[in-house]
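Submitted below is the structure of interest, expressed as structure tokens.
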Amino acid sequence: MAQITLEGVTKRFPDGYEAVKDMNLEIKDGEFMILVGPSGCGKSTALRMIAGLEDISSGELRIGDRVVNGLAPKERDIAMVFQNYALYPHMTVRENMAFPLRLAGVPNDEIQRKVEEAARILDLEQHLDRKPANLSGGQRQRVAMGRAIVRDPAAFLMDEPLSNLDAKLRVQMRTEVARLQSDLGTTTVYVTHDQTEAMTLGDRVAVMRAGVLQQVGSPAELYDDPVNLFVAGFIGSPAMNFMVGRIEGDVVKLPIGDVPLAPELRQRLSGDVAGKSVVVGIRPESFEDAALTGEARDRGYVFRAKIDLVESMGSEKYAYFTAKGESVQSSELQELARDSGADEIPTSGEGQVVARLDAASRITRGDEAELWVDPTKLHFFDPESGKSLTHRGSGS
Amino acid sequence: MERGTREYALWSIGIVLIVFVALLPVVWIVSLSLKEPSTITTGPGISVWDAFFPKEITFDNYKSLFEGGIDDSPFIKPLINSVLIALITTLISIVLASFAAYAIARLNFPGKSAILAGALAIAMFPPISTVGPLFDMWRTLGLYDTYPGLIIPYLTFSLPLAIYTLVAFFREIPWDLEQAAQVDGATPFQAFRKVIVPLAAPGVFTAAILVFIFCWNDFLFAISLTSSDASRTVPAALAFFTGESQFTQPVGSIAAAAVIVTIPIIVFVLIFQRRIVAGLTAGAVKG
């Protein structure tokens with residue numbers, strides 16, 4: 001058990017490319033920390049530096065009280081679960097799990113006991129004498145977990161351990177991993193590109209982009225108070241809607257209408273923004289069918305929009321409409337779109353807004369519907385830097 | 001369905017034909033080696049069937065090969081030479097090729113493609129064009145008719161073969177496993193010995209068999225660079241077999257010797273084919 005501290009950790013490849021830039025992160029003892037970001041953001045490189053599989057170009061890495069920059073992986077007392085599991089194909093499940101213990105010179109009867117126990121926890125008892133080739137994806141994944149937990153290491157490092165599983169199994173294993181981690185109470189660093197995994201699993205989540213740590217905080221903090229456009233757009237599904245607006249006096253001029261500027265937002269707005277154009281972010285659930293808002297109707301702003309499409313999820317509905325206006329130009333959002341492949345779909349262009357409505361809503365496709373938006377839930381961002389103008393300043 | 005059966009029939013006929021053509025000489029040699037020397041050249045007037053198969057099976061041809069012990073037999077010393085030269089070449093070749101292939105498969109270094117291209121060029125080089133110069137050089141250097149005199153040219157031609165085979169195998173090994181082993185607490189050497197070597201073994205065996213067969217079968221260097229039983233290998237020695245008298249052909253003994261030198265190759269392939277095909281790497285990473 002130990003905390004992991006990164007201080008100004010940088011990874012520079014020989015060709016000069018910086019995969020991780022000046023990363024500062026403190027992972028507390030027993031904490032479940034998620035590193036999340038689009039592919040190529042440096043999260044895996046960061047994890048591999050913690051594991052000792054990549055050299056640290058500059059900065060300091062501590063596990064517990066020890067500076068481990070120069071230590072080989074075996075001296076760091078960490079266990080890692082690889083994306084492709086990296087099971088030894090010539091060994092049985094039992095030998096795979098016993099391998100780290102054997103290397104550590106643990107006596108045979110203790111190896112036996114620990115492997116059996118890990119197999120019991122992971123429900124692998126009847127597979128102990130099989131080879132990895134004869135196991136299903138989920139079973140291989142559990143063997144990889146088993147190989148990590150038998151050691152009782154100072155920390156677990158997991159590199160997208162669930163990304164090779166199919167969707168259903170992934171959800172199942174996700175809860176499994178969360179339960180296992182809280183039972184064992186071992187410090188865990190978990191890398192994923194899947195924001196849902198990040199939000200559901202972690203005690204705290206660290207969002208990375210292009211080698212730079214963007215924001216660290218609890219899932220709720222990241223969701224409610226993103227520090228910039230990138231985090232706002234990355235966290236949450238469906239993603240936050242963005243439109244260009246202008247603050248004029250007490251209202252925000254938006255493509256959907258002149259939304260009143262809530263007093264608490266005005267207070268938090270940093271800098272002189274009057275008359276300047278800003279990027280406004282609205283989460284889908286900040287909208288509602290105006291007919292269903294009841295007493296809250298007067299607190300919010302009601303506008304009309306032509307509904308292009310309604311998707312019913314059973315428990316809720318997603319209504320899509322178009323808000324004409326200036327399109328949002330931001331390199332951060334472009335990168336997000338590129339990563340999710342959305343830039344290849346022509347229909348998901350600028351101005352498309354998605355609203356999450358109650359399942360009871362009667363709005364259907366083609367309606368000129370009355371929608372309601374909560375003005376206190378707006379997020380304002382600087383269009384040039386992408387920084388949040390309404391950030392509370394907590395969490396990072 | 002109909003088309004399927006017809007295709008199947010055509011394939012079957014084709015396969016039978018190919019196997020027949022490939023095995024006929026082998027069967028013929030075996031048949032010759034089991035015939036009485038006097039019946040080998042039976043004249044016209046008997047059916048092909050009777051001419052092809054021996055009337056009476058005799059092992060005299062085999063016995064004659066080993067008559068006289070190591071000093072007088074024309075076969076025992078060359079057989080020992082063949083085995084030793086092929087084994088030594090295989091050993092040196094595989095050790096050197098493993099180092100080279102490991103570096104080529106794993107590391108990025110300047111001149112990597114030049115090395116591979118050079119190896120390929122050497123493999124393509126017609127051996128006959130080196131024989132003349134080698135003959136002169138070896139005589140000057142005192143390597144003519146010695147083991148090293150054969151092992152060195154064999155190495156030059158078998159190394160490219162071994163390097164290419166091993167590079168192909170090494171590239172297939174999931175190197176993540178090496179890192180997994182290091183995180184699991186292995187030193188780099190332990191990771192190599194306990195994880196990589198078992199996975200690389202099938203490839204190494206394959207390369208070893210190929211090199212061994214290459215050396216074992218060589219006739220050109222063996223006939224040109226040897227002059228006595230001190231280093232003459234079996235393929236070359238066969239050419240110097242003599243009959244009982246000046247007027248008899250040693251066909252029976254040559255056939256028997258040919259059968260004997262074929263046996264190790266067949267045994268090797270049968271034993272190691274299982275290891276090669278075992279597909280050890282299946283299931284290491286999600287495919």
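Check the stretch B:51-68 and report whether any residue there is in a loop (DSSP other than H, G, I, E, B) and of a type in the set (A, V, I, L, M).
Of all residues in the stretch B:51-68, those in a loop (DSSP other than H, G, I, E, B) come to B:53-59, B:67-68.
Subsequent filtering for residues that are of a type in the set (A, V, I, L, M) retains B:57.
There is at least one residue in the stretch B:51-68 that is in a loop (DSSP other than H, G, I, E, B) and of a type in the set (A, V, I, L, M).
Condition check: away from chain A (no Cβ under 14 Å), modelled with pLDDT of 85 or more and either surrounded by 23 or more Cβ atoms within 10 Å (Cβ to Cβ) or part of a helix (DSSP H, G or I) (or both). Does residue B:269 satisfy that?
Working: away from chain A (no Cβ under 14 Å): yes; modelled with pLDDT of 85 or more: no; either surrounded by 23 or more Cβ atoms within 10 Å (Cβ to Cβ) or part of a helix (DSSP H, G or I) (or both): yes.
Taking the combined requirement at face value, the residue does not satisfy it.
Which of the residues spanning the stretch A:50-62 are in contact with a Lys or Arg (Cβ under 6 Å, 6 or more places away or on another chain) and either more than 14 Å from chain B (Cβ to nearest Cβ) or crowded, with 21+ Cβ neighbours inside 10 Å (or both)?
Initial filter on the stretch A:50-62 (in contact with a Lys or Arg (Cβ under 6 Å, 6 or more places away or on another chain)): A:52, A:54, A:57.
Of everything in the stretch A:50-62, those that are in contact with a Lys or Arg (Cβ under 6 Å, 6 or more places away or on another chain) and either more than 14 Å from chain B (Cβ to nearest Cβ) or crowded, with 21+ Cβ neighbours inside 10 Å (or both) turn out to be A:52, A:57.
Which of the residues spanning the stretch A:170-182 are closer than 29 Å to residue B:182 by Cβ and of a type outside the set (D, E, K, R)?
Kept after step one, since they are closer than 29 Å to residue B:182 by Cβ, are these residues of the stretch A:170-182: A:170, A:173-174, A:176-182.
Result: A:173, A:177, A:178, A:180, A:181, A:182.
Within the stretch A:147-169, how many residues are within 26 Å of residue B:179 (Cα to Cα) and surrounded by fewer than 19 Cβ atoms within 10 Å (Cβ to Cβ)? Write out each step before concluding.
We begin by selecting, within the stretch A:147-169, every residue within 26 Å of residue B:179 (Cα to Cα); these are A:147-166.
Now restrict to residues that are surrounded by fewer than 19 Cβ atoms within 10 Å (Cβ to Cβ): A:152, A:163-164, A:166.
Looking only at that region, the number is 4.
Can you find a residue in the stretch B:42-59 that is among the hydrophobic types (A, V, I, L, M, F, W, C) and either closer than 30 Å to residue B:204 by Cβ or in contact (Cβ under 8 Å) with a residue 60 or more places away in the chain (or both)? I'd like the intermediate steps shown before the answer.
Step one: list which residues in the stretch B:42-59 are among the hydrophobic types (A, V, I, L, M, F, W, C), which gives B:46, B:48-49, B:51-53, B:57, B:59.
In the following step, the residues that additionally are either closer than 30 Å to residue B:204 by Cβ or in contact (Cβ under 8 Å) with a residue 60 or more places away in the chain (or both) were identified as none.
No, that holds for no residue.
I'm trying to understand the selection: among the residues of the stretch B:155-174, which are within 16 Å of residue B:200 (Cβ to Cβ) and more than 9 Å from every other protein chain (Cβ to nearest Cβ)?
Let us first name the residues in the stretch B:155-174 that are within 16 Å of residue B:200 (Cβ to Cβ), namely B:162-174.
The answer is B:162, B:163, B:164, B:165, B:166, B:167, B:168, B:169, B:170, B:171, B:172, B:173.
Residues in the stretch B:47-67 that are surrounded by fewer than 17 Cβ atoms within 10 Å (Cβ to Cβ) and under 26 Å from residue B:218 (Cβ atoms): how many?
The total comes to 1.
Shifting gears a bit: Go through B:171, B:106, B:139 for me and flag whichever is within 25 Å of residue B:216 (Cα to Cα), among the charged types (D, E, K, R) and over 23 Å from the mean Cα position of the chain (by Cα).
Details: B:171 fails: within 25 Å of residue B:216 (Cα to Cα); B:106 fails: within 25 Å of residue B:216 (Cα to Cα).
Going through B:171, B:106, B:139 in turn, the sole match is B:139.
Could you tell me whether the stretch A:82-92 includes any residue that is at pLDDT below 95 and away from chain B (no Cβ under 13 Å)? Please lay out each step first, then the result.
Step one: of the stretch A:82-92, the residues at pLDDT below 95 are A:82-92.
Cutting the leftovers down to away from chain B (no Cβ under 13 Å) gives us none.
The answer is no, given that none of the residues of the stretch A:82-92 is at pLDDT below 95 and away from chain B (no Cβ under 13 Å).
Quick check, is residue A:114 assigned to a helix (DSSP H, G or I), in contact with a helix residue (DSSP H, G or I) (Cβ under 9 Å, 6 or more places away or on another chain) and facing chain B (nearest Cβ under 9 Å)? Give the steps one after another, and end with the answer.
Values: assigned to a helix (DSSP H, G or I): yes; in contact with a helix residue (DSSP H, G or I) (Cβ under 9 Å, 6 or more places away or on another chain): yes; facing chain B (nearest Cβ under 9 Å): no.
Answer is no for this residue.
Taking residue B:263 as the residue in question, decide whether it is modelled with pLDDT under 90, among the β-branched types (Val, Ile, Thr), surrounded by fewer than 14 Cβ atoms within 10 Å (Cβ to Cβ) and part of a helix (DSSP H, G or I).
Numbers: modelled with pLDDT under 90: yes; among the β-branched types (Val, Ile, Thr): yes; surrounded by fewer than 14 Cβ atoms within 10 Å (Cβ to Cβ): yes; part of a helix (DSSP H, G or I): yes.
So residue B:263 fits the description; yes.
Looking only at the stretch A:219-226, decide whether some residue is under 20 Å from residue A:32 (Cα atoms), hydrophobic (A, V, I, L, M, F, W, C) and out of contact with any strand residue (DSSP E or B) (no Cβ under 9 Å at 6 or more places or on another chain).
yes
With respect to the numbered conditions (1) surrounded by 17 or more Cβ atoms within 10 Å (Cβ to Cβ); (2) within 14 Å of another protein chain (Cβ to nearest Cβ); (3) free of Cβ contacts under 8 Å to residues at least 24 places away in the same chain; (4) among the hydrophobic types (A, V, I, L, M, F, W, C), which one is the sole condition not fulfilled by residue B:177?
In the conditions (1) surrounded by 17 or more Cβ atoms within 10 Å (Cβ to Cβ); (2) within 14 Å of another protein chain (Cβ to nearest Cβ); (3) free of Cβ contacts under 8 Å to residues at least 24 places away in the same chain; (4) among the hydrophobic types (A, V, I, L, M, F, W, C), residue B:177 misses (3) alone.
While we're looking at this one, here's another question. Mind telling me which of the residues B:187, B:146 ends up being hydroxyl-bearing (Ser, Thr, Tyr), surrounded by fewer than 20 Cβ atoms within 10 Å (Cβ to Cβ) and farther than 23 Å from residue B:82 by Cβ? Don't jump to the end; show me each part of the working.
Numbers: B:146 fails: farther than 23 Å from residue B:82 by Cβ.
Only one candidate qualifies: B:187.
Considering the stretch A:1-23 alone, what residues qualify as being under 21 Å from residue A:218 (Cα atoms) and within 18 Å of the chain's Cα centre (by Cα)?
A:23
Tell me the strands (runs of 3 or more DSSP E) entirely within the stretch A:227-316 that contain at least 3 residues that are crowded, with 19+ Cβ neighbours inside 10 Å.
Where strands (runs of 3 or more DSSP E) fall fully within the stretch A:227-316 and carry at least 3 residues being crowded, with 19+ Cβ neighbours inside 10 Å, they are A:241-248, A:277-282, A:287-289, A:301-312.
Okay, moving on. Search the stretch B:180-216 for residues being among the polar types (S, T, N, Q) and farther than 24 Å from residue B:234 by Cα, and hand back the single one that is nearest to the other protein chains (Cβ to nearest Cβ). Even if it seems obvious, please write down each step before you answer.
Filtering the stretch B:180-216 for residues among the polar types (S, T, N, Q) gives B:182, B:187, B:190, B:206.
From what's left, farther than 24 Å from residue B:234 by Cα: B:182, B:187, B:190.
Values: B:182: 4, B:187: 7, B:190: 7 Å.
Looking at the filtered set, the residue picked out is B:182.
Using the structure shown, decide if residue A:165 is modelled with pLDDT under 90 and part of a helix (DSSP H, G or I).
On the way: modelled with pLDDT under 90: yes; part of a helix (DSSP H, G or I): no.
Here the answer is no, as residue A:165 does not meet what is asked.
Mind checking which residues of the stretch A:170-190 are among the polar types (S, T, N, Q) and surrounded by 16 or more Cβ atoms within 10 Å (Cβ to Cβ)?
Filtering the stretch A:170-190 down to residues among the polar types (S, T, N, Q) leaves A:172, A:175, A:181-182, A:186-188.
Correct list: A:181, A:186, A:187, A:188.
When you go through A:185, A:146 one by one, which is the residue that is out of contact with any Leu (no Cβ under 7 Å at 6 or more places or on another chain) and at pLDDT 90 or above? I'd like the intermediate steps shown before the answer.
Details: A:146 fails: out of contact with any Leu (no Cβ under 7 Å at 6 or more places or on another chain).
None of the other options fit; the residue is A:185.
Which number in (1) within 20 Å of residue A:201 (Cα to Cα); (2) hydroxyl-bearing (Ser, Thr, Tyr); (3) at pLDDT 90 or above marks the one condition that residue A:10 misses?
Tallying (1) within 20 Å of residue A:201 (Cα to Cα); (2) hydroxyl-bearing (Ser, Thr, Tyr); (3) at pLDDT 90 or above, residue A:10 fails exactly one: (1).
Would you confirm whether any residue within the stretch A:58-70 is among the polar types (S, T, N, Q) and more than 29 Å from residue A:233 (Cα to Cα)? Outline the logic, then answer.
Of the residues in the stretch A:58-70, the ones among the polar types (S, T, N, Q) are A:58, A:69.
Remaining after also requiring more than 29 Å from residue A:233 (Cα to Cα): A:58, A:69.
So far as the stretch A:58-70 goes, yes, one or more of its residues are among the polar types (S, T, N, Q) and more than 29 Å from residue A:233 (Cα to Cα).
Kindly indicate whether any position in the stretch B:106-117 is crowded, with 20+ Cβ neighbours inside 10 Å, assigned to a helix (DSSP H, G or I) and touching a helix residue (DSSP H, G or I) at 6+ places or on another chain (Cβ under 7 Å). Step through it out loud before you land on a result.
Of all residues in the stretch B:106-117, those crowded, with 20+ Cβ neighbours inside 10 Å come to none.
Within the stretch B:106-117 (the criterion being crowded, with 20+ Cβ neighbours inside 10 Å, assigned to a helix (DSSP H, G or I) and touching a helix residue (DSSP H, G or I) at 6+ places or on another chain (Cβ under 7 Å)), the answer is no, since none of the residues qualifies.
Considering only the stretch A:153-171, how many residues are over 19 Å from residue A:205 (Cβ atoms) and without any contact (Cβ under 8 Å) to a residue 24 or more places away in the chain? Step through it out loud before you land on a result.
The initial filter retains those residues of the stretch A:153-171 that are over 19 Å from residue A:205 (Cβ atoms), namely A:153-154, A:164-169.
Now drop any that are not without any contact (Cβ under 8 Å) to a residue 24 or more places away in the chain, which leaves A:167-168.
The total comes to 2.
Something else now. Would you point out the residue of the stretch A:122-146, among those that are under 14 Å from residue A:180 (Cα atoms) and crowded, with 16+ Cβ neighbours inside 10 Å, that is farthest from the other protein chains (Cβ to nearest Cβ)? Quick ask: steps written out before the conclusion?
Taking the stretch A:122-146 as the starting set, the residues that turn out to be under 14 Å from residue A:180 (Cα atoms) are A:122-123, A:141-146.
Next, from what is left, pick out any that are crowded, with 16+ Cβ neighbours inside 10 Å: A:122, A:141-146.
Values: A:122: 17, A:141: 9, A:142: 14, A:143: 11, A:144: 9, A:145: 13, A:146: 12 Å.
Checking each candidate, the answer is A:122.
Which condition from (1) of a type in the set (Gly, Ala, Ser); (2) more than 9 Å from chain B (Cβ to nearest Cβ); (3) surrounded by fewer than 20 Cβ atoms within 10 Å (Cβ to Cβ) is the one that residue A:98 breaks?
Only one criterion is unmet by residue A:98, namely (3).
The values are calculated or read from the model by the stated rules, or taken from the named source; none is laboratory data. Here the structure is a predicted model, which means the values were calculated and not measured. Counting neighbours? That spans all protein chains shown, and the Cβs are built from the backbone with ideal geometry, glycine included.
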